1. In the range 273-304, what count of residues is obtained for those that are more than 21 Å from Ala29 (Cβ to Cβ), surrounded by fewer than 19 Cβ atoms within 10 Å (Cβ to Cβ) and within 18 Å of the chain's Cα centre (by Cα)?
2. Considering each residue of the range 305-327, count those that are without any contact (Cβ under 8 Å) to a residue 60 or more places away in the chain and either within 14 Å of the chain's Cα centre (by Cα) or open to solvent by less than 30 Å² (accessible area, probe 1.4 Å) (or both), and give that number.
3. Take the range 204-237 and flag every residue that is of a type in the set (D, E, K, R) and over 17 Å from Val184 (Cβ atoms).
4. List the residue pairs whose Cβ atoms are under 9 Å apart, where the first residue sits in the range 155-169 and is away from the ligand (no atom under 12 Å from the Cβ), the second is open to solvent by less than 60 Å² (accessible area, probe 1.4 Å) and among the aromatic types (Phe, Trp, Tyr), and the two are 6 or more positions apart or on different chains.
5. If we only count strands (runs of 3 or more DSSP E) wholly inside the range 232-333, which ones have 3 or more residues that are touching a Lys or Arg at 6+ places or on another chain (Cβ under 8 Å)?
6. Let me confirm something: among Val260, Val240, Val249, which residue is in contact with a Pro (Cβ under 9 Å, 6 or more places away or on another chain), under 21 Å from Ser185 (Cβ atoms) and of a type in the set (A, V, I, L, M)?
7. Using the structure shown, decide if Val118 is within 27 Å of Arg222 (Cα to Cα) and in contact (Cβ under 8 Å) with a residue 40 or more places away in the chain.
8. Which condition number in (1) under 18 Å from Thr100 (Cβ atoms); (2) away from the ligand (no atom under 15 Å from the Cβ) is the one that Arg292 fails?
Amino acid sequence: MSAEIRWGVVGPGRIAESVLPDFAHVPHARVTAVASRSQERADAFAARHGLERAYGSYAEILADPEVDVLYVATPHAQHAAFSLAALRAGKALLVEKSFTATTAGAAEVIDAARRSGVFVMEAMWTRFQPVVVTVNELIADGAIGEVRSVQADLGVSREYDPVDRLFALDLGGGALLDLGVYVVSFAQMLLGTPQRVVATGSLFPTGVDAEAALLLGYDDGRAATLLASLRQALPGQARVFGTAGWIDVLPRFHHPDTIVLHRAGADPERITRPQTGVGYAHELIEVTECLRAGRTESAVMPLADTLAVQDVLGRAAEQLGVRHAEGTAASMAPFG
Ligand SMILES: NC(=O)c1ccc[n+]([C@@H]2O[C@H](COP(=O)([O-])OP(=O)(O)OC[C@H]3O[C@@H](n4cnc5c(N)ncnc54)[C@H](OP(=O)(O)O)[C@@H]3O)[C@@H](O)[C@H]2O)c1
């Protein structure tokens, strides 16, 4: 891998637009190309962000030898088929959350990544926020004793629009995959993979979940209680409870800059760690540095955790009666 890591963007939608400016804070990285299903959209995105090459199909960016890693920002059900084709083309990947629409899809991509020895990471930017790093350090230092429980909520009030990716079943819509992934990933980071998942909630007419409440259970009695909703705004607060205190992660916990540490018997301590850029820079730096070091996985967001989180989401979706499936290459216009 060259000293400079050359990035390509796939799916120039809302999040790609927000992430691109944060590359200004990533040393040794350059975004060189974008691929869209439409040449016009690719050209417009490239012009806005000063990119050298704009492709009107996803196949073309896979054939570009001057792209080392692709940032995949398509809808959830459009991650797996593209990622498999990209791995066959030898491209490293940063895949937006949720990693895939199904557990089987995640397992297939992860197997392919491990077999090919090509780097893949889920874009779970929460884990890279400086104050989340501090939470992990405090817990490792015993600041709140043994972590026994996590609470987290994330919700937005979105007007129902059956063709928007948030509500469309064939695009992996629903609260669980869009927002639930954050609460589940946060709990999984702190408590590990649960033995039991109990979910309740409601559906939109398209068959995707509108809201979901999850209870994650562990054989040793630890637990997480989690909420995700597209029907109502929720504060986006997380709390981590230990045997010797607790930590409040102030809203919105999926990209926080402030926590309040409550050590048993001590005054609350407010700790702020600002993000770089909008907060996406940290995950982009991680991928760039992993590639420069020749790693095939991130230690902060390992593929085993991605698979465990996807499995929890899949078990919850099943209980709610949501039938997600992976999209085919045809849903992204045919590619290689
Ligand atoms: N990290 C974060 O803060 C954050 C925030 C929002 C979203 N996300 C994640 O980013 C991903 C994309 O979300 P978004 O809100 O940016 O979605 P979006 O605005 O709908 O953009 C997705 C893009 O994917 C491409 N695409 C490929 N196949 C498609 C298909 N069959 N139908 C529709 N679009 C298709 C489209 O671009 P072309 O047709 O031009 O190729 C579209 O612009 C999701 O995984 C989401 O969870 C992350």
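The values are calculated or read from the model by the stated rules, or taken from the named source; none is laboratory data. On a predicted model such as this, the values are computed, not experimentally measured, just so you know. Counting neighbours? That spans all protein chains shown, and the Cβs are built from the backbone with ideal geometry, glycine included. These accessible areas exclude ligands, DNA and RNA; they are computed on the full protein's heavy atoms, side chains included. Shrake-Rupley method; radii C 1.70, N 1.55, O 1.52, S 1.80 Å.
1. Summing the residues that are more than 21 Å from Ala29 (Cβ to Cβ), surrounded by fewer than 19 Cβ atoms within 10 Å (Cβ to Cβ) and within 18 Å of the chain's Cα centre (by Cα) in the range 273-304 gives 2.
2. Matching residues across the range 305-327 total 0.
3. Keep residues of the range 204-237 that are of a type in the set (D, E, K, R), which gives 209, 211, 219-220, 222, 231.
Passing the criteria: Asp219, Asp220, Arg231.
4. Tyr160/Phe167; Tyr160/Phe204; Pro162/Phe204
5. Working: elements: 238-242, 245-249, 258-263, 269-272.
Answer list for the range 232-333: 245-249, 258-263.
6. Val249
7. Details: within 27 Å of Arg222 (Cα to Cα): no; in contact (Cβ under 8 Å) with a residue 40 or more places away in the chain: yes.
Here the answer is no, as Val118 does not meet what is asked.
8. Checking Arg292 against (1) under 18 Å from Thr100 (Cβ atoms); (2) away from the ligand (no atom under 15 Å from the Cβ), the one that fails is (1).
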